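The values are calculated or read from the model by the stated rules, or taken from the named source; none is laboratory data. Here the structure is a predicted model, which means the values were calculated and not measured. Cβ: placed from backbone, ideal geometry, glycine included. Neighbour counts: every protein chain shown. Heavy atoms of the whole protein, side chains included, go into the accessibility calculation; ligands, DNA and RNA do not. Shrake-Rupley method; radii C 1.70, N 1.55, O 1.52, S 1.80 Å.
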Amino acid sequence: MCKSKIYTHDYPMNTQMKIIKAIVLLILSITLIHCSSEEMPKPSFGGPSDGDGTPSKQYLTEFAAFPVGNIVSASKLASNSEDNLKFKEILLNDYNSITAENDMKMANIFRGPDNYDWSDGDAIVAYAKANGLRVHGHALVWHSSIPGWLTNYAGTDEEFSKLIENYIKQTVAHFAEEKDSLGNSVVASWDVLNEYFDGTSVRSSLFSQRMGADFHKKLFQWAREANSDVKLFYNDYNVIGISSKRSAILSMVSDFQSNNIPIDGIGAQVHINYQWPTITDIQNGFQEIANTGLLIHSSELDITVNPNDDISELTAERAISQSVQFQRLAFYYGEIVPKNQQFGITVWGFRDQDSWIYEGGTDWPLLYDNNFEPKPAYDGFRNGLDGQAP
Ligand code: 9MR
């Protein structure tokens, strides 16, 4: 596929299009000067003008009443390649919360019995501290991130369980140490358990097999014992889109709440597509998880546009549908989740090509194109954050 033709109409910003955009912006600025404030059209990038031509709001965090996050890696943060300088510029402009895409997962940290390598996570925390960003820890226990040695561990189940207890306690305590200027831990929260459910059933995993039926409760208790302030999340996919899975998760949460198992939040991974979930699904999904009273994290947001493999490049029409879906997600999150439960929205990547679901260039699920230019999706997301109904 010819990458330069990913977007058929407005994108990407090749030189020719940059010139056209400059002309459009010039015409728009002239129009703005001649309009009364009531008639003022909304510029495509940035927000309303404060009167002297400077947009009063420009970047995503300025439009949102809650934290807006994206993912990082220690290696990208350390790199000063042209791409990574651009990535960091956008990160610091548009976002105020970060999650390690992979660096703080068990497979990356847990090197052997009672042997932890926190160095990548430490580098991320140092960067966050220096730049005033919040870090959301991801993820302490996930069936897909287990180091090989642990899978093959020959000790008893009791010894296995002790290794996990130590891992959780040591890791949570370690990352709670670095404080921001207000004295709060830079790592404000953790996904303690990721994807415990497989549909509506408890997933069979190394942890369920070796630690018994109550292992999920123990994980949260150990995390709480390690630190009393860090927010503890359960994180899973299809929470918004599939009501039966949501019900299974809500039963678990309710069981936790009635039995004093510590839990502060639900992470609803938003790996969705341009048509699904529907508006009603999104409304019901956010409403029902918000009814728990817990913090709600709209985590891992990406929106595929080619789930049925029916396009070979991102068409203008599909880009607009994606934009509308981003807007719905951000708008209904802001509208339905009570303010004091809004932990934030985290987007799962920057450029389309960086996404876990780019699939060799056959889907374009993120906010920026491969040149880091904002897509229509960016505008939709920003407008949703701004409280504009889709
Ligand atoms: O985006 C992540 C990708 O780079 C990794 O290869 C993969 C396996 O560790 O995990 C991806 O992120 C997953 C997240 O940690 C948990 N929910 C599903 C995400 C997409 O697979």
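The table for this structure:
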item: Failed criterion for residue 352 (all others in (1) away from the ligand (no atom under 13 Å from the Cβ); (2) modelled with pLDDT under 95 hold); result: (2)
item: Residue list for region 183-210, filter: of a type in the set (Gly, Ala, Ser) and either within 16 Å of the chain's Cα centre (by Cα) or more than 17 Å from residue 238 (Cβ to Cβ) (or both); result: 183, 185, 188, 189, 204, 205, 208
item: Test: residue in region 119-132 that is at negative phi, part of a loop (DSSP other than H, G, I, E, B) and among the basic types (Lys, Arg); result: no
item: Tally of residues being more than 16 Å from the ligand (Cβ to nearest atom) and within 21 Å of residue 72 (Cβ to Cβ) across region 331-349; result: 2
item: Matching residues, region 192-206, being closer than 19 Å to residue 262 by Cβ and either more than 14 Å from the ligand (Cβ to nearest atom) or out of contact with any Lys or Arg (no Cβ under 8 Å at 6 or more places or on another chain) (or both); result: 192, 193, 194
item: Region 340-352 residues that are more than 17 Å from residue 382 (Cα to Cα), paired with ones that are outside any strand (DSSP E or B) and within 15 Å of the ligand (Cβ to nearest atom) (beta carbon under 7 Å, 6 or more apart); result: 352/358; 352/365; 352/366
item: Test: residue 180 is open to solvent by 30 Å² or more (accessible area, probe 1.4 Å) and more than 16 Å from the ligand (Cβ to nearest atom); result: yes
item: Scope region 213-239; condition more than 14 Å from the ligand (Cβ to nearest atom) and more than 25 Å from residue 173 (Cα to Cα); matching residues; result: 213
item: Scope region 199-245; condition more than 24 Å from residue 346 (Cβ to Cβ), assigned to a strand (DSSP E or B) and either open to solvent by less than 10 Å² (accessible area, probe 1.4 Å) or among the hydroxyl-bearing types (Ser, Thr, Tyr) (or both); matching residues; result: 201
item: Tally of residues being part of a loop (DSSP other than H, G, I, E, B), within 16 Å of the ligand (Cβ to nearest atom) and more than 13 Å from residue 211 (Cβ to Cβ) across region 133-170; result: 6
item: Test: residue 315 is more than 16 Å from the ligand (Cβ to nearest atom), more than 15 Å from the chain's Cα centre (by Cα), hydroxyl-bearing (Ser, Thr, Tyr) and within 27 Å of residue 255 (Cβ to Cβ); result: no
item: Every residue from region 366-390 that is open to solvent by 10 Å² or more (accessible area, probe 1.4 Å) and closer than 24 Å to residue 77 by Cα; result: 370, 371, 372, 373, 374, 378
item: Matching residues, region 171-186, being out of contact with any strand residue (DSSP E or B) (no Cβ under 6 Å at 6 or more places or on another chain) and part of a helix (DSSP H, G or I); result: 171, 172, 173, 174
